[in-house]
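Q: First the structure, which I've put down as C-alpha cells, then a few questions once you've had a look.
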Amino acid sequence: MGSKKNPAARRAQKNARRTTRKRSGAPAGSSSRPRHLYDLKPPGVFYQDWNRPVGTDAEIMNKVTTTFGPDSDEALTMRFMTEYRTFYGPHVPLAAARQLDQILVRTDLGGYMTEHLGTTPEEARESMHSLHARGMLLIADDGSLWMTVPPCTPRSAPGGSWVFVDKKADAPPGLTTAG
C-alpha cells in the first residue's frame, strides 16, 4: 500500500525528513538541501553574476538566431546557456560553467576521467557539471577546480560556510579569472 493511503507510512516519511533536517542544520519547514547552486550562494568571483534567460529554449534560440544569425558567437553562447539550464536550473553561473568546460578540454582532467572511469567525454562533462550544480565542485578565484563541501551539510565548516577540500585541476593557462 502506498504512503498516500497509509497514514503510518506518511508519518514515518515525515519523521525521516525531520530527522534529516535536524542533522543537516536546516531550519524546520525547509527542504533538507537547496535545489540549485544559486541557492547555496557559492563564494568567489566566478559566482557573482548569474544569468537567467527568460523563455523556453526554443524561444530564446529563435530570437538570437533571428537577430544575430545561427552561426554567430551569440547563438553559440545561447546554446551553451540553454544546455547549462538543464544542470543549474534557472540561474546559470555562466563564467563558472564555461571555466569548468575549459578545464575539461584544456587540462588532463577530462582525459583522466574518460580513461579511468570508462566514460565518454560527454558523460564525463555531464557528470562534472552535475557535481558542480550540486555544490560538490567549485571554481576558485584563481580559476582552479576544487572538490568542496557545501554549507549546511553534515561535513560543512562550523557556521555553515563552504569547505574547499581538494584541488582537482589548475586553471588552464590564460584563463585565470572570471570575466
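The values are calculated or read from the model by the stated rules, or taken from the named source; none is laboratory data. Keep in mind it's a predicted model, so treat the numbers as computed, not measured. Only protein heavy atoms, including side chains, enter the accessible area calculation; ligands, DNA and RNA are left aside. Shrake-Rupley method; radii C 1.70, N 1.55, O 1.52, S 1.80 Å.
Q: Leaving out ligands, DNA and RNA, and with a 1.4 Å probe, what % of the accessible surface on region 80-179 is carbon or sulfur? The partial results should precede the final answer.
A: On the way: 2820 of 4930 Å².
Percent of accessible area from carbon and sulfur atoms in region 80-179: 57.
Q: Using a 1.4 Å probe, how large is the accessible area of Asp170, given in Å² and rounded to the nearest 10?
A: Its heavy atoms expose roughly 90 Å² to the probe.
Q: How much of Lys41 can a 1.4 Å solvent probe reach, expressed as accessible area in Å² and rounded to 10?
A: Around 150 Å² of this residue is reachable by solvent.
Q: Please list His129, His36 in order of solvent-accessible area, largest first, computed with a 1.4 Å probe with all protein chains present. Don't jump to the answer; show the numbers that get you there.
A: Working: His129 0, His36 45 Å².
Sorted by accessible area, descending: His36, His129.
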